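The values are calculated or read from the model by the stated rules, or taken from the named source; none is laboratory data. Not measured: the values here are computed from a predicted model. Methodologically, a virtual Cβ is constructed for each residue, glycine included, from the backbone with ideal geometry; neighbour enumeration extends over all protein chains shown. For the accessible areas, the whole protein counts, side chains as well, though only heavy atoms, and no ligand, DNA or RNA atoms are used. Shrake-Rupley method; radii C 1.70, N 1.55, O 1.52, S 1.80 Å.
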Amino acid sequence: MTRIAVIDKKKCNPHGCGNYLCAKVCPVNRMGEQCIVEGPDKKALIDEKLCTGCGICPKKCPFGAITIINLPEELDKEPIHRYGVNGFALYNLPTPLFGKVIGIIGRNGIGKSTAMKILSNNLKPNLGREHNAGIKEVIEYFKGTEAQAYFEKLRDDKIIISYKPQQVDLIPKQFNGTVKELLEKVDQKNIFDSIVKELELENLLDSKLHELSGGELQRLAIAATSMKKANVYFFDEPTSYLDIKQRMKISRFIKSLADENTAVMVIEHDLIVLDYMADMIHLMYGHESVYGVVSGLKTTKNGINVYLSGFLKEENVRFRDNAIKFERHAQQKESKPFILTEWEGFEHSLGRFRLNAESGLLSKGDVVGILGQNGIGKTTFVKILAGVIDEKNKLNLRVSYKPQYLEASDELVITALQRAIQKFEIEIIRPLNLKELFMRKISELSGGELQKVAIAHCLSQDADIYLMDEPSAYLDVEQRLIVAKVIRDVMFTTGKSAMIVDHDLLFIDSLSDKLLIFEGIPAVQGLAKSPMSMRDGMNAFLRELNITFRRDEENHRPRINKEDSVKDREQKAEGKLYYS
């Protein structure tokens, strides 16, 4: 059996545990062998060949720095890449196909971006050794697979790559000019005018890159990637920071790039968008920050359903204990609900932007999803209700507010989450897997970790209503669905209410009882409508997007109907764009 031992060097603290506690408790060491020793970097080092997988050192390590995993029997050869001794290991690679958009789905920290960097030639694989492998060795490693043909074409310069990285916020640090200057510099196809128009960048051309929002940087990065003469395009999380309308537009645009001479590969956490955009997908499973495995290629529908089921039949691998299913929304009860709060219609101006809000009411136990384009006043509206700005229109309630942009500090997670630990161990701490973060500083957390801590802190406050702005940002598919369930469960057990701003339709669909829709013109004026039923709200929202939703027959997840399909035409004719 293949065994892998991984040490998180950031967590490993030999001085703090009394000088290599793991080595002291290791049975192999106690028998005179050197299984766990001090490494060159003064951190613990485990010899995987000597390790028996007894499980003692992971349990005894006070910092949770050690993970030892017995790998599936199918992984009988070396990884395609490993980040050093006792580091993360990646097994297999997804394969681009010409004429297709290939999607990649999987949790954070499981090697999706590493796989894409190897395929795009931004990272040289090492086949689990200390030095990088040559192209000849990589081709031999993949002998008899689609990947062999891909790397042979890469070797022969028959593949030209264009790559959009995940972290678009780093772009201003790499280029100091304007949007126009950057796009003109990378435009190898002479398509400047058409791309600028299609991706709605006309009003940004004279802007400096450091002045752009996350969504604007994302569209700029996608434009720049597509303007390069390439036959394989890679997009790492192309819809982050984008609103739903922009996500649909970007999905159609990325789909249009694939033809018989061009392959496209996409990493995406928005399941509805991935389902719509990809022709086929690879699943990635394993253990976060320890190892990742790439599955065989599957049709998009089947692949997503297999991912949600948690069981790969062909590989005979169960990578999640439970299947994820989606509940049908219950019909609104006829009985009069207990009204928690009401607000009068109001106006608010911010520079040249004007926000108008209709009057509305919130019932006890309601979870209201808030949908609308970027720059249309959603964050401003929530801040007003929370009393962060314009106090005269704030709710006359105890409010717990999670902002869109999260602030880091040197406070320990365990200190920040004291109330959550004391009151909501089962409801919040365990499902969000926060215990392993307790002894870390908030400033040391990743975007996804920081988001989960902020959500836990918000939900644990003693409040009547919880206002959360984009809680799904930085989270992977599974984390988003867990967070949706946590929010619903906390509201159910406490009898409190919540209002949630987000752009992931599946996330909003999973947790909402009602919807509050924003209309208007971004950066000019926005109108917050009164909260309405899920059916009425979604019908109104989908009508503006000109799409229809159906439920998957296997797990009831929401899916977008193919444009102008029989189902799409039927639902539009009946005015039922959203399933019941």
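Of note:
- Pairwise centroid distance, computed over Cα atoms, of segment 148-227 with segment 382-427, Å: 37
- Lys, Arg +1 and Asp, Glu -1 on Cβ, resulting dipole of the chain about Cα centre, debye, nearest 20: 740
- Radius 10 Å from Cβ of D275, net charge of other residues (Lys, Arg +1; Asp, Glu -1): 0
- In terms of Cα atoms, the Rg and Dmax of segment 215-304 work out to 13.7, 37 Å.
- Residue (of L205, F424, L506) at the positive-pole extreme of the chain, dipole from beta-carbon charges: F424
- Of the beta bridges in the chain, as assigned by DSSP with both residues counted there, near 50 percent are antiparallel.
- In the chain, taking the dipole from charged Cβ atoms about the Cα centre, the farthest positive-side position among L97, S309, Y401 is held by S309.
- The chain - percent of accessible surface contributed by carbon and sulfur, probe 1.4 Å: 48
- Pairs from the table (K229/K562; K100/K153; K402/K485; K249/K562; K59/K112) lying more than 20 angstrom apart at Cα are K229/K562; K59/K112.
- The mean accessible area for residues of the chain, using a 1.4 Å probe and ignoring ligands and nucleic acids, is 47 Å² per residue.
- Charging the Cβ of each Asp and Glu at -1 and of each Lys and Arg at +1, and nothing else, the dipole of segment 21-163 about its Cα centre rounds to 460 debye.
- Residue-level accessible surface for I421, protein heavy atoms, 1.4 Å, Å²: 40
- Taking the Cα centre of segment 450-580 as origin and assigning +1 to Lys and Arg Cβ atoms and -1 to Asp and Glu Cβ atoms, the resulting dipole is close to 280 debye.
- At most 10 other Cβ within 10 Å, DSSP loop - GluC sites (Glu not before Pro), segment 542-573: E553
- Looking at segment 324-476, the DSSP beta bridges with both ends there are about 70 percent antiparallel.
- Size of the chain: Rg and Dmax of its alpha carbons, in Å, are 25.1, 77.
- Across segment 407-415, coupling constants 3J(HN,Hα) worked out from phi with the 6.51/-1.76/1.60 Karplus curve, θ = phi - 60°, read 9, 8, 8, 8, 5, 6, 4, 4, 6 Hz, and Gly and Pro carry x.
- The K180 and A523 beta-carbon pair, evaluated with R₀ = 22 Å, returns a calculated FRET efficiency of approximately 0.70.
- Positive-end extreme of charge dipole, the chain - chosen from L475, L434, F549 (charges on Cβ): L434
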